[in-house]
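Report on one structure; see the data block that follows.
The values are calculated or read from the model by the stated rules, or taken from the named source; none is laboratory data. For clarity, every value in this text was computed on a predicted model and none was experimentally measured. Glycine gets a Cβ as well: all are built from the backbone with ideal geometry, and neighbour counts include every protein chain shown.
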Amino acid sequence: MNRFGDIDVSFKRLPPIYGYHAEELVSIEKALKPIESKIKELSRFIKVAKDYCHFPSEHGLSHDESAAIYIYTMEWGETTLYRVLNKALRSENRQVPELKIWFPYLKLFDTALDKLPTVKEVVWRGVPLDIGKNFTDNQIVTWWSVNSCSSNVNVIKQFLGTDKNSTMFLIETVNGKKVSGYTEYEGENEIILRMGSRFRVKGDPLDQSNGSYVVHLIELGENNNQSSAGATSGSSSKLFITCLSEITLLYEICVYIMTLKFPSSNKCTNDKEKK
């Protein structure tokens with residue numbers, strides 16, 4: 001499981017996480033010291049992150065802030081940082097020490113994201129499970145962990161491989177953070193959605209003939225309420241990204257479906273990206 005597919009599929013209702021905003025901003029070494037016992041050779045991975053992260057930063061990130069993003073995107077096995085962190089963020093007991101020991105790092109990580117550009121565009125996630133059937137039109141979904149997405153559907157398809165029983169998420173994000181220049185793998189076009197991001201399901205999932213699903217999610221911003229099918233057209237329009245037309249969305253969906261059935265149609269996507 002990679003971070004683009006590290007998705008909470010339990011639909012748990014949990015209280016938001018409070019407290020980490022009040023933490024003092026410290027170095028990445030001090031921020032991650034409380035979890036040293038959970039990740040073997042953590043100090044070595046921290047050094048790699050500080051050596052190879054994007055610094056100096058044109059967005060004003062400190063060396064430690066940039067390293068906090070970089071180490072989140074690193075992969076080194078079962079104790080990879082994002083796996084251990086996201087498991088804690090999904091814990092049902094919000095007061096356990098296993099969660100609070102992450103507060104210094106969350107403060108550093110969140111401060112770094114604050115300084116990066118906010119993007120409003122279509123992004124993708126995917127999981128090698130047929131969970132799409134569990135989503136329904138107008139359902140409200142909360143993802144409690146940090147959420148890695150890509151603006152390039154082919155990146156997600158590459159991670160899913162040939163697994164037929166999979167679910168792709170097409171997400172209209174309004175608060176995405178573009179971290180692609182700060183990650184270990186720059187070509188993955190990564191967009192991060194923060195922990196606790198909420199979404200409304202747009203329409204019923206698209207059920208493919210090969211057993212896979214496409215689920216269309218619209219990220220809810222701070223001013224969005226839990227609109228139902230009976231909402232007025234005026235309030236519903238707030239849920240859409242104003243700079244993105246319905247035609248573009250249909251194009252994204254059609255391109256994805258075509259690449260499932262006709263692999264050679266990847267050329268269409270590549271041509272679009274070049275433009």
(request) Could you list all residues from the range 1-16 that are in a loop (DSSP other than H, G, I, E, B) and touching a helix residue (DSSP H, G or I) at 6+ places or on another chain (Cβ under 7 Å)? (result) Asn2, Asp6, Val9
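Applying the selection to the range 10-25, what residues are of a type outside the set (Ser, Thr, Tyr) and farther than 15 Å from Ser66 by Cβ?
In the first step, residues of the range 10-25 are kept if they are of a type outside the set (Ser, Thr, Tyr); the result is 11-17, 19, 21-25.
Listed by number, the residues that qualify are Phe11, Lys12, Arg13, Leu14, Pro15, Pro16, Ile17, Gly19, His21, Ala22, Glu23, Glu24.
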(request) Six or more apart or on different chains, Cβ under 6 Å: which pairs go from a residue in the range 27-40 that's closer than 15 Å to Ala67 by Cα to one that's assigned to a helix (DSSP H, G or I) and modelled with pLDDT under 95? Could you list them? (result) none
(request) Of the numbered conditions (1) over 30 Å from Pro205 (Cβ atoms); (2) surrounded by 15 or more Cβ atoms within 10 Å (Cβ to Cβ), Gln95 fails exactly one; give the number of that condition. (result) (2)
(message) Just to be sure I understand the filter: pairs with C-beta atoms under 6 Å, separated by 6 or more residues or on different chains, first member in the range 198-221 and touching a residue at least 40 places away in the same chain (Cβ under 8 Å) and assigned by TED's automatic domain parsing to the domain that holds Trp124, second member among the hydroxyl-bearing types (Ser, Thr, Tyr) and outside any strand (DSSP E or B). Which pairs pass?
(response) Ser212/Ser166; Glu219/Thr173
(request) Give just the number: which of (1) surrounded by fewer than 20 Cβ atoms within 10 Å (Cβ to Cβ); (2) more than 15 Å from the chain's Cα centre (by Cα); (3) small (Gly, Ala, Ser) does Ser151 not satisfy? (result) (2)
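Are any residues in the range 187-207 charged (D, E, K, R) and touching a helix residue (DSSP H, G or I) at 6+ places or on another chain (Cβ under 6 Å), and if so, which ones? If you could, list the steps in order and put the result at the bottom.
Keep residues of the range 187-207 that are charged (D, E, K, R), which gives 188, 190, 194, 198, 200, 202, 204, 207.
Once the filter is applied, which keeps residues that are charged (D, E, K, R) and touching a helix residue (DSSP H, G or I) at 6+ places or on another chain (Cβ under 6 Å), the range 187-207 yields Glu188, Glu190.
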